[in-house]
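**Student:** Below you will find the structure I want to go over with you.
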Amino acid sequence: MPSPQERPSASDVAKYFLSLVDEDEGDFISNLKLQKLLYYAQGIHLAMFNEPLFDEPIEAWAHGPVVRKVYDEYAGYGANPIPRPSELNLKMLNKNMRNFLNEVYSVFGQYDAWKLREMTHDEPPWKDTYKEGQGQNEPISHVMMKNYFHQFVESK
């Protein structure tokens, strides 16, 4: 897998997820849903490859895991759908990464934002970090995510 210099940014991954939306089928991604997709992609990537997919931290916010930089990028949309990107630079996303992200999207993209929020609230990486941080937007550790998601990777 990629070295840190070759990793995509969380924004690259977010744009890729947004490009997968089938608007004709009524699909859409809000900022809340996008944040959860990033969390699941990062956690599963850590469990499968023992390294992060992207370098930006994921923080435990009141509504679940959030990549602050990506949240800020799309905050203007509120709870509304974020449009598909007009341009998509795949330079940082090789074919293996795109296949991995397609799989994450096929599993988690089927759920709406609030279902994903509920799911993350039941999972130790967010639950334990948010409790420890007393709601202070503490970073969720890679070790916690890797350990939690490892059970799903082993079962496949």
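**Student:** Contour minus end-to-end for Asn89 and Asp128, with contour as 0.36 nm per residue of separation and end-to-end as the Cα-Cα distance?
**Tutor:** Result: 10.5 nm gained on full extension.
**Student:** Run the Debye formula on the Cα coordinates of the stretch 36-113, all scatterers equal and no solvent, and tell me log10 I(q)/I(0) at q = 0.13, 0.15, 0.18 1/Å.
**Tutor:** -0.45, -0.61, -0.91
**Student:** Going by how many other Cβ atoms sit within 10 Å of their own, how do Ser106, Ser30 line up, fewest first?
**Tutor:** Lowest to highest Cβ neighbour count: Ser106, Ser30.
**Student:** For every helix of n ≥ 4 consecutive DSSP H residues, a contribution of -39,500 (n - 2.57) applies; sum these over the chain, divide by its total residues, and give [θ] at 222 nm rounded to the nearest 500 deg cm²/dmol.
**Tutor:** After summing the helix terms and dividing by the residues of the chain, the value is -16500 deg cm²/dmol.
**Student:** Another question about this same structure. Please state the charge dipole magnitude for the chain, taken about the Cα centre, from unit charges on C-beta atoms (+1 on K and R, -1 on D and E), reported in debye and rounded to the nearest 20.
**Tutor:** Charge dipole, the chain, about its Cα centre: 200 debye, nearest 20.
**Student:** Find, among the trypsin sites (Lys or Arg not before Pro) in the stretch 39-111, those assigned to loop by DSSP (not H, G, I, E, B) with at most 12 other beta-carbon atoms within 10 angstrom.
**Tutor:** Within the stretch 39-111, the qualifying trypsin sites (Lys or Arg not before Pro) (loop, at most 12 other Cβ atoms within 10 Å) are Lys91.
Every read-out reported here was derived from the displayed coordinates using simple, explicitly stated rules and does not represent laboratory data. Worth saying up front: this structure is predicted, and the values here are computed from it rather than measured. Virtual Cβ from ideal backbone geometry, glycine too; neighbours counted across all protein chains shown.
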